Each structure stands twice: as structure tokens, then as C-alpha cells.
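In what follows, a structure is listed as C-alpha cells, so that the remarks can point back to it.
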Amino acid sequence: MGVKILATLYFFYPPSTMKAAIRPFLTLSLLIGFLSIAPAALNLSTTEAASYRSKLLQLHNRERKKRNLPRFRRVGSLNRAAAKYARVMKVNNHFSHTGPDGSRFDQRIRAAGYRGNAMGENIAFGYRTPAAVFRGWMKSPGHRRNIRSRKFDEIGFGKSGTYWVTNFGG
């Protein structure tokens with residue numbers, strides 16, 4: 001949602017009758033206005049999002065290091081897809097790898113602009129902290145397999161309320 005709004009605001013220009021010199025100032029004003037409401041619209045402050053993402057990346061990479069696997073690196077398109085789907089699940093009171101619109105995780109990841117060949121998704125609900133959700137994923141064979149898979153070396157995280165999404169790519 002935030003990316004769509006940002007793109008709409010950034011590319012919005014007043015009618016051609018307005019002087020070209022005013023357009024950048026209007027665009028900047030709209031962009032600043034968007035940035036001031038974006039955290040509320042996404043239900044997380046920028047600091048909170050950076051904090052849970054950093055903690056989850058640390059937990060995932062710690063597990064990979066134990067197995068002598070390459071570290072994950074965060075990728076923006078995987079973060080965007082994960083954040084958007086976490087919000088979709090929360091808004092629709094929905095919990096499934098298949099979206100309420102019938103979409104699959106690979107379709108959502110591609111729609112966010114990811115171009116890698118391998119993709120995976122872990123979802124969770126009800127956990128309060130990154131450490132708790134990570135422990136839950138490690139207790140599940142399928143989720144643990146994604147975390148430990150050699151075919152993945154890129155990752156993105158999303159959270160809305162107590163809905164969590166990790167997208168994997170490679």
C-alpha cells in the first residue's frame with residue numbers, strides 16, 4: 001500500500017498550466033506528507049520495522065552459520081512482498097499460504113519485483129517477538145527446511161500485528 005501511494009504521489013504533477021518550476025516543490029510537499037503518515041498506514045514505525053527485521057535476520061543467519069550455510073541478505077522486493085502479505089492477512093483475518101484472492105506466494109513475490117529463480121515463504125500468527133516466531137518456525141519441519149535450504153540466499157520480512165511473513169529467494 002505505501003509503495004503504491006508513494007509512486008502515485010511522486011509521479012503526480014499539476015496541470016500543464018502550472019509553471020515547471022513549481023512542480024518539484026509540490027512533489028516534495030506531497031512526498032513529505034506521505035512520509036509523515038506512512039508508519040501509521042503500515043501499522044509499524046520505521047524504527048520498529050527496522051528493529052524486527054534486523055533481529056529476524058540475525059536469528060536466521062545464526063542458524064545458517066551453525067550449518068555452515070551462506071548468510072542471508074535482505075532484498076527490498078522480498079521485504080515489500082512480505083510486508084504487504086502480512087497486512088493482507090491481518091486486514092482479512094486470513095491465515096494461509098494462499099491469499100484471500102487465490103494468489104500463491106510466488107505470484108506475490110514476483111508482483112513485488114523479485115526476479116530470482118527459487119522462492120519460499122514462512123508465515124506465522126500469534127507470536128509477539130522475533131525470537132518467539134523464529135522458535136516456532138524452527139519447530140516446524142517445513143519452515144525449518146526453508147530456513148536451512150541451500151537454494152535460498154536472499155530474504156525479506158513482513159509483520160502486521162501478530163501476523164509474520166518471511167519470503168525467501170535465490
Sparsely packed chymotrypsin sites (Phe, Trp or Tyr not before Pro) within the stretch 48-123, loop by DSSP, other Cβ within 10 Å at most 15: Phe95
Contour excess over end-to-end distance, with Cα ends at Thr46 and Ala111 and 0.36 nm allotted per residue: 21.1 nm
Accessible-area composition of the stretch 113-170, carbon plus sulfur, in percent [1.4 Å probe]: 49 percent
Kirkwood hydrodynamic radius (C-alpha pairs) into Stokes-Einstein, the stretch 40-170, 25 °C and 0.890 mPa s, D in µm²/s: 170 µm²/s
Trypsin sites (Lys or Arg not before Pro) restricted to DSSP loop in the stretch 39-125 with at most 15 other C-beta within 10 Å: Arg67, Arg71, Arg104, Arg115
Computed E for Asp101/Asn68 - FRET, C-beta separation, R0 41 angstrom, nearest 0.05: 0.55
Residues of type aspartates and glutamates that Lys66 reaches as a straight line, Cα spacing below 19 Å, ignoring anything fewer than 8 places off in the same chain: Asp153, Glu154
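The values are calculated or read from the model by the stated rules, or taken from the named source; none is laboratory data. Since the structure is predicted, the reported quantities are computational estimates derived from the model, not experimental observations. Positions of Cβ are generated from backbone atoms using ideal geometry, with glycine treated the same way; all protein chains shown enter the neighbour counts. The area values use the complete protein model at the heavy-atom level, side chains included, leaving out ligands, DNA and RNA. Shrake-Rupley method; radii C 1.70, N 1.55, O 1.52, S 1.80 Å.
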